[in-house]
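Here is the structure we will look at, set down as structure tokens.
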Amino acid sequence: MTVTPQKPENIESPSQPGSQFDWKNCWYPVTFIQDFPSDRPYSFSIYGEPLVLFKDQTGKIICLQDRCPHRAAKLSDGQVIEGKIECLYHGWQFGTQGNCLHIPQLPDTAQIPKAACVPSFVVVEHQGIIWVWFGESEKADPQQIPTVPDLDQPGLFRVDTVTDLPFDQTYLVENFLDPAHVFISHDQTEYKIKREDAQPLEMEVMSVSIAGFKGEYRKLGNPQLPWNNVEFIAPYLVTYRFGSLTAFALYAVPLTPGRSRVLARRLGNFYDWMFKLKPRWLEHLRQNKVFEEDLYFIQAQEAYINQSSQTIKDTYLPLKTSDMLLMEHRKWLDQFGANLPHYQGYSTHKRTHSSVEVDLSNRFLRHTQICSSCNRAYHTTQKVKQISVAVAIGLAAIGIISDGYLSILTVSTALLAVIIAILAQQLKTHFEI
């Protein structure tokens, strides 16, 4: 059974003026504020455009193009000195508006060239996320940032996770809009999810516009069940609302062709005390396992479609009882996404290949190095292992030269230190693999 959803009446025609999504004049999430390092430049990209964040002397976050106008070196490879970002190559320094403030190679009496500047972008902190406006600064309106109202509820439990993934952003959104796969792919990994509960779903698309679309789903054949609401806010946000509360807010950030970032927010007032007491890094280990359970499937999908030069329409065999929402996203790209730098729609596409290959082959590269909680836990396990090994060696030496009870005590303690070192190493590998 293929998907042939009835088109809602309020769909805008691509032939109308301004009916293509304006991807530049748009807010993009970069990372969670708690994961942003305050003491060094932070490199990222939007649709392949390299950007860098850093803090000025007042603590305000600044965003510049990640390219020195001198010899095209990456500013993010440099350092922050007294609120200015300094290029590592020749020491040129740039201020908050991208203006060059110091060139060591120029005499003190010489003027800094007017062309020695870097494009800057508007930055806003909102709901715990750093947002960048990619378009014209005078059009930047913080009111246009997609807001999750439930985040402001008192007593709401929330876990935020950031992870980079080695496939295109449109495949990540597709994955977000696929509730049917959860019961199979994430059996026993997701909270209270079992493969025995996989079943056909009743799905509806309620409205479609240039801003995205709204849909709903529930188990098929039981009209007494409430609908679960799903919303796609172009070009990157998917939210799930169960009952009166948003349960998931999933941001799929388009970094480069073949590379995307997920900012996942798990919300709820229904989690038990054990779940709430878990350290953030421990929940991240589980959450990353969820991402990794889909990772190779999605990579294989994308690789096949790109290599075969086929479209989604030529390749997929979608079902009305599982795939309607994700297919609506692909059709939204056909209708409104022609201006996007790269995308894969249902019957159309704009495929490009990144000139810079980024290694995302393990969990450390995908997550640990960009997550403050896991990075801190990772380095703590390293220190615990090193200290435990040193203590074990020292105690073993003392035990060898000691006699009687002291020898037994020191050797036993040395063995305990060895066990701690082994456990620390085992935990450390979970942040790496």
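Check Y236, Y271 and return the single one that is of a type in the set (F, W, Y), under 28 Å from S372 (Cα atoms) and at pLDDT 95 or above.
Answer to the check: Y236.
Those residues that are assigned to a strand (DSSP E or B) and modelled with pLDDT under 95, I need them from the range 241-255; list them, please.
So in the range 241-255, the residues assigned to a strand (DSSP E or B) come out as 241-242, 245-255.
Scanning the range 241-255 gives R241, F242, L245, T246, A247, F248.
Scanning the range 98-139 for residues that are under 27 Å from the mean Cα position of the chain (by Cα) and in a loop (DSSP other than H, G, I, E, B), which turns out surrounded by the most Cβ atoms within 10 Å (Cβ to Cβ)?
Among residues in the range 98-139 that are under 27 Å from the mean Cα position of the chain (by Cα) and in a loop (DSSP other than H, G, I, E, B), the one surrounded by the most Cβ atoms within 10 Å (Cβ to Cβ) is V118.
Restricting the first residue to the range 363-390 and requiring it to be within 18 Å of N288 (Cα to Cα) and among the acidic types (D, E), which pairs with a second residue that is surrounded by fewer than 18 Cβ atoms within 10 Å (Cβ to Cβ) and modelled with pLDDT of 95 or more meet a Cβ separation below 9 Å and a spacing of at least six or different chains?
As it stands, the answer is none, since no pair meets every condition given.
Just need a number here: residues in the range 51-65 that are free of Cβ contacts under 8 Å to residues at least 24 places away in the same chain and either in contact with a Cys (Cβ under 8 Å, 6 or more places away or on another chain) or not small (G, A, S) (or both).
Residues that pass the stated criteria total 0.
If a residue counts only when it is outside the structural domain of V262 (by TED's automatic domain parsing) and over 28 Å from L220 (Cβ atoms), which helices (runs of 4 or more DSSP H) contained entirely in the range 304-372 have at least 1 such residues?
Values: elements: 312-315, 324-336, 363-366.
Here the list reads 363-366.
Among the residues in the range 155-176, are any part of a helix (DSSP H, G or I) and within 30 Å of W273 (Cβ to Cβ)?
Looking for residues that are part of a helix (DSSP H, G or I) and within 30 Å of W273 (Cβ to Cβ), one finds at least one in the range 155-176, hence yes.
Yes or no: R266 in contact with a helix residue (DSSP H, G or I) (Cβ under 9 Å, 6 or more places away or on another chain), assigned to a strand (DSSP E or B) and either closer than 29 Å to L151 by Cα or not assigned by TED's automatic domain parsing to the domain that holds T189 (or both)?
It is true that R266 is in contact with a helix residue (DSSP H, G or I) (Cβ under 9 Å, 6 or more places away or on another chain), assigned to a strand (DSSP E or B) and either closer than 29 Å to L151 by Cα or not assigned by TED's automatic domain parsing to the domain that holds T189 (or both).
I need every pair where a residue in the range 171-195 that is free of Cβ contacts under 8 Å to residues at least 12 places away in the same chain and surrounded by fewer than 19 Cβ atoms within 10 Å (Cβ to Cβ) has its Cβ under 7 Å from the Cβ of a residue that is of a type outside the set (G, A, S) and assigned to a helix (DSSP H, G or I), sequence separation at least 6 or different chains.
That search, which allows pairs on different chains as well, returns D187/R195; I193/V182; I193/F183; K194/F183.
Return yes or no: is F291 of a type outside the set (S, T, Y), in the same structural domain as H181 (by TED's automatic domain parsing) and not in a helix (DSSP H, G or I)?
Working: of a type outside the set (S, T, Y): yes; in the same structural domain as H181 (by TED's automatic domain parsing): yes; not in a helix (DSSP H, G or I): no.
Spelling it out, it is not the case that F291 is of a type outside the set (S, T, Y), in the same structural domain as H181 (by TED's automatic domain parsing) and not in a helix (DSSP H, G or I).
Out of the residues in the range 249-304 that are over 13 Å from the mean Cα position of the chain (by Cα) and of a type in the set (S, T, N, Q), which is surrounded by the most Cβ atoms within 10 Å (Cβ to Cβ)?
In this case the residue turns out to be Q301.
Among the candidates P41, P37, P69, P50, which residue alone is closer than 20 Å to P257 by Cα and outside the structural domain of I210 (by TED's automatic domain parsing)?
Exactly one residue qualifies, and that residue is P50.
Could you check the range 140-172 and list, in sequence order, the residues that are among the basic types (K, R) and at pLDDT 95 or above? Write out each step before concluding.
As a first pass, look at the range 140-172 and keep what is among the basic types (K, R): 158.
Correct list: empty.
Out of F232, F213, F275, which single residue is in contact (Cβ under 8 Å) with a residue 60 or more places away in the chain and either in contact with a Leu (Cβ under 8 Å, 6 or more places away or on another chain) or of a type in the set (S, T, Y) (or both)?
Among F232, F213, F275, only F232 is in contact (Cβ under 8 Å) with a residue 60 or more places away in the chain and either in contact with a Leu (Cβ under 8 Å, 6 or more places away or on another chain) or of a type in the set (S, T, Y) (or both).
Look at the range 44-68 and say how many of its residues are assigned to a strand (DSSP E or B) and of a type outside the set (G, A, S). Show your work before the answer.
Filtering the range 44-68 down to residues assigned to a strand (DSSP E or B) leaves 44-46, 49-55, 61-65.
From what's left, of a type outside the set (G, A, S): 44, 46, 49-55, 61-65.
Number of matching residues: 14.
The values are calculated or read from the model by the stated rules, or taken from the named source; none is laboratory data. Worth saying up front: this structure is predicted, and the values here are computed from it rather than measured. Virtual Cβ from ideal backbone geometry, glycine too; neighbours counted across all protein chains shown.
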